[in-house]
1. Please go through segment A:79-89 and pick out each residue that is surrounded by 21 or more Cβ atoms within 10 Å (Cβ to Cβ) and either outside any helix (DSSP H, G or I) or not small (Gly, Ala, Ser) (or both).
2. Mind counting the residues in segment A:64-98 that are of a type in the set (S, T, N, Q) and under 16 Å from residue A:24 (Cα atoms)?
3. Please verify whether segment B:20-31 includes one or more residues that are out of contact with any helix residue (DSSP H, G or I) (no Cβ under 9 Å at 6 or more places or on another chain), surrounded by 11 or more Cβ atoms within 10 Å (Cβ to Cβ), more than 14 Å from every other protein chain (Cβ to nearest Cβ) and at pLDDT 85 or above.
4. If you scan segment A:218-260, which residues turn out to be at positive phi and among the β-branched types (Val, Ile, Thr)?
5. With the condition kept exactly as written, say whether any residue in segment A:196-216 is under 27 Å from residue A:80 (Cβ atoms), part of a loop (DSSP other than H, G, I, E, B) and touching a residue at least 60 places away in the same chain (Cβ under 8 Å).
6. Regarding segment A:267-275, can at least one residue be identified that is touching a helix residue (DSSP H, G or I) at 6+ places or on another chain (Cβ under 6 Å), buried (at least 18 other Cβ atoms within 10 Å of the Cβ) and not hydroxyl-bearing (Ser, Thr, Tyr)?
7. Only one residue in A:83, A:7, A:19, A:69 is within 25 Å of residue A:141 (Cβ to Cβ) and without any contact (Cβ under 8 Å) to a residue 24 or more places away in the chain, so which one is that?
8. Here are B:37, B:53: which of them is modelled with pLDDT of 85 or more and either within 10 Å of chain A (Cβ to nearest Cβ) or more than 31 Å from the chain's Cα centre (by Cα) (or both)?
Amino acid sequence: MDVAFIIETIAKIVVILLIFSALAGLGTYFERKVLAFMQRRLGPMHVGPFGLLQVAADGIKLFTKEDIIPQNVVKPIFKIAPIITAATAFMASAAIPFWPQFTVFGYTVHPIVADINVGILYVLAIMAIGLYGPLLGGMASANKWSLISAARSAAIFISYEVITGLALLAPLMMVGSLSLIDINNYQAGGITHWIVWSQPVAFVLFWIAAFAETGRTPFHLVANDHEIIDGFGTEYSGMRWGMFFIGEYANMFFISFVISIVFLGGFGDGTIAGAIQLLLKVSFFFFFFLWTRAAWPDIRPDQLMWLCWKVLMPIAVLNVVGTGIVMMF
Amino acid sequence: MHHEEVFTDRNVSESSAYYYVDIENYPTTGWDKFKQVVKRTFSGELFVGLWVVLREMIKFDIHTVQYPLEKLPIGPRYRAVHKLLRLWESGYERCIGCGLCEKICISDCIRMDTRIDENSRKEVTEYSINLGRCIFCGYCAEVCPELAIVHGQRYENASEQRAHFVIKDDMLTPLDMLKAGEQAEYPGFGAIIPGSDASVKKTPLAY
C-alpha cells in the first residue's frame, strides 16, 4: 500500500475528527441560541461576545469535572458505553463524501475517507451499532430510569432501522449502487434530477426515521427529561457524559449529510457552487432538528411504535413495491 | 432591549373569557379511527407550530431582561429598604427621636437611642433597623411625623453578615448627595398629599 495514501487517509481522519468534534460543540451553541430566539429569550450571553465562548467554558467544565463511577454499576460496560456512541458516530462518517474532490498544488484530494462500494449500507450499519451506547450504558447504570431508557432505545433504534432501510431501498433501486458517490453522481444533472422529486415518500420517511435514529425531539424518548431524567446519561458525569453528547450531535450532522446526498442532490456536479449548496442543505437539516425541538411536543413510546409499525412501515413497503412496478414497465 | 409591554385585557368576564371546548367523542370503529388519523396527519397543525416559533425568531422580540445590567422599573411607592432623610435647608437629620416608629413596629425590629445635646435639642445617637426581621409593612414610614424615615427603592439586600442589615449610615442620605439635590421625597405611605398646604389651617392664636 502506498505510503502517501496512508498519510492522506490519516490526515483526513484527523481533520474529520477535529472538525466534527468542534461542530458538535458549536452545534450545542446554535441549539441554545435558536431555541432561545424561538422562545423570545437571549440564550448564552456572558462568556465571550454573544456567548460564543460558552462552548469553551462547557468544554473546560466537562474535561475537568470528576469522572464519577457509581458503586453498583457494571464498571467495564459503564465505562465503555459512551465510547461506543462517540466512536460509532465518527466511524459512520468514513463513507460520507463531505465535499467534492478538489485539487491542491496539483494533488487531487477526495474528501471521503473510504469510497467503498457499499457506502450507504456501511453508514446505516455503523449507526445501528451506535444503539449499543445507550443500551449498554443504560443497563449498566444500576438506575431504573437508565434501564427504561435502555429498553426504549433498543425498541426505537431497531424499529426505525426498518424504516430507514426500506425508505432507502426505493432510491437505491433507481440508482443501482450503494456508494454515496454514485448516488450523488446520479443526481449531478441539477435540481430536476434530485431523487426527492421521484421518491418524495421515501424522503419523508427517511427524514422521520432520522429523528428516531438520532433521538431528537418528537422522538426524544431515550432521554426524556421530564419522565426519565436524562435516561441512559443519568449516572454519567464529566467527559463520559460529554462523549454521549458529542456522539449525538455528530450523528445529527452525519445524518443531515446522508439526507442531503441521497435525496437532495448532494454536491451536484462537483463545482464549488455545488459544494456550498451541500453545506447549505446540511445546515438546513441541522436547523430543522433544532426547529422541531422548539415547536413540537414529544410523543409517547407506544405512539412511536404505532407510528413505526402500523403507519410508516406499510407505506415504506408500498413505496418499494410501487417503485419496482414503475421500474419494471 | 427592554420595553414596556402593553397587555390586552386579560380580566375574566362572563361574556368573553370562558367557553366550553367542543370535544368530539373518540372514534370507536376502525374506519373512524383511520379517518381521524388521516385528518390529523394532513391538517398541517405541525406546520402551524413550526411557523409560530419561526415567526417569533424572525420578529426577534426578545423579552429577556439581563438583570444585573438592566432592571425592570419598580413603582414609586415600592416598599424596599428604608431611607433616613435630611432636612433640605440645614442638612440636619429629620428624625426628632420621638420613638413612634420604634413603638409601632410590629416585628419589633427598630431600636433607637436618644439624648439631649448641649443645645437642649434631642439627638438620635443610635438608630437601627434589623432588616433581617423587618417585614416591610410601611407602618414606620406612615407614622413618622417628620417624613424622616421612608421606604427606598433598594431591593437587593443580600449580605454576608446579618449585622450589615442594621447600619444607620447606609440608610441616611449622605451629605454630598443632599447638596447635589439627589434626595428624593417619598410619594408612598405617610407622605404629604399633593396640594396639602391649602388644607392646613393656621393655629387660631386669637383665642
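The values are calculated or read from the model by the stated rules, or taken from the named source; none is laboratory data. As the structure is a computational prediction, the values presented were derived from the model and not from experiment. Every residue, glycine among them, receives a Cβ derived from its backbone with ideal geometry; neighbour counts consider all protein chains shown.
1. Across segment A:79-89, the qualifying residues are A:82, A:84, A:85, A:88.
2. Taking segment A:64-98 first, the residues of a type in the set (S, T, N, Q) are A:64, A:71-72, A:85, A:88, A:93.
With under 16 Å from residue A:24 (Cα atoms) added as a condition, the list becomes A:85, A:88, A:93.
Final tally of qualifying residues: 3.
3. no
4. Selection gives A:229 alone.
5. yes
6. yes
7. Numbers: A:83 fails: without any contact (Cβ under 8 Å) to a residue 24 or more places away in the chain; A:7 fails: within 25 Å of residue A:141 (Cβ to Cβ); A:19 fails: within 25 Å of residue A:141 (Cβ to Cβ).
Exactly one of A:83, A:7, A:19, A:69 is within 25 Å of residue A:141 (Cβ to Cβ) and without any contact (Cβ under 8 Å) to a residue 24 or more places away in the chain, namely A:69.
8. On the way: B:37 fails: modelled with pLDDT of 85 or more.
It is B:53.
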